[in-house]
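Step one of this worksheet: look at the structure below.
The values are calculated or read from the model by the stated rules, or taken from the named source; none is laboratory data. Fair warning: this is a prediction, and the values are worked out from it, not measured in the lab. Don't worry about glycine lacking a Cβ; one is built from the backbone with ideal geometry, like all the others, and counts go over all protein chains shown. When the accessible area is computed, the model is the full protein with side chains, heavy atoms only, and any ligands, DNA or RNA have been set aside. Shrake-Rupley method; radii C 1.70, N 1.55, O 1.52, S 1.80 Å.
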Amino acid sequence: MKSVNIGLLGFGTVGRGVYRVLESHKEKIFRTCHGNVHIKKILVRNVERYRNDFPDISALFTDDPREIIDDPEIEIVVEVMGGVKPAFDYVIDAMKNGKSIVTANKYMIAECGEKLFEAQENCGVDLFFEASVAGAIPIVKALKESLSGDEIKEIVAIINGTTNYTSRE
Ligand SMILES: NC(=O)c1ccc[n+]([C@@H]2O[C@H](COP(=O)([O-])OP(=O)(O)OC[C@H]3O[C@@H](n4cnc5c(N)ncnc54)[C@H](OP(=O)(O)O)[C@@H]3O)[C@@H](O)[C@H]2O)c1
């Protein structure tokens, strides 16, 4: 039976949601993937505060990113800390160490998308960023796979619940 270890970068609104979903869907994930997913470490800045607020999982918190990036047992890094720096550096280093990435970070994807895709290609890992686009409406997968035969030059629309659209005309 396979067990996949995950390192979580950030435990705010999104990070807690990821943790809750993975915990509450454990059985379903097991049935579908024939294995367990396990959050091994969670990166935050204020470790003491999180240990007090979440005593049941206090041992998971760290303020040292290398505990996730350099852990050979962690296969997937979920980046939900936000901002470009230092998130971008952590993601690049994790990919170089053979870890696949899932990110909800729209700012990082918008600013550094090309560099990230290049690193992903070079490292031979996966980079999933569906949660960072269009309020997690599954549009990226549809564009990449279902519409891969089409030539899409531009999308002009409201594609994020927190974005205000202004016409360019
Ligand atoms: N909130 C949403 O509805 C939503 C929806 C879609 C996408 N997103 C994206 O998801 C990401 C996270 O959003 P959020 O709302 O969950 O943010 P948040 O509530 O501010 O949480 C950020 C988390 O990351 C940690 N963190 C931030 N910088 C860090 C650093 N330099 N080193 C270590 N830990 C650090 C924080 O720890 P400390 O508390 O110790 O600082 C906190 O646990 C962002 O990129 C956001 O754009 C958010």
Label-point separation, Val4 to Lys96 (7 Å along Cα→Cβ), nm: 2.5
Mean separation of Cα contacts under 8 Å, 6 or more apart, over the residue count of the range 1-157: relative contact order %: 19
Debye log10 I(q)/I(0) at q = 0.09 Å⁻¹ for the range 2-137, Cα point scatterers: -0.25
Amide H within-cut-off set for Asn36, under 5 Å, with H built and near neighbours excluded: Lys2, Ser3, Val4
Mean accessible surface per residue for the range 2-137, computed with a 1.4 Å probe while every protein chain stays in place, in Å²: 55
Integer Hz, Karplus 6.51/-1.76/1.60 couplings in order for the range 132-145, x for Gly and Pro: 9, 10, 6, x, 6, 5, x, 9, 5, 4, 5, 5, 6, 9
Under the Karplus curve 6.51 cos²θ - 1.76 cosθ + 1.60, θ = phi - 60°, whole-Hz ³J(HN,Hα) for the range 58-63, x wherever Gly or Pro sits: 4, 5, 7, 7, 9, 10
Apportionment of accessible area to carbon and sulfur, the chain, percent (1.4 Å): 52
Extension gain, Glu48 back to Ser146 (0.36 nm per residue minus Cα-Cα distance, nm): 30.7 nm
Karplus 3J(HN,Hα) series, Hz, for the range 64-73 with 6.51 cos²θ - 1.76 cosθ + 1.60 (x for Gly, Pro): 10, x, 5, 5, 9, 4, 9, 7, x, 7
Cross-link pairs beyond the 31 Å C-alpha cut-off, checked among Lys41/Lys153; Lys2/Lys144; Lys28/Lys153; Lys28/Lys85: Lys41/Lys153; Lys28/Lys153; Lys28/Lys85
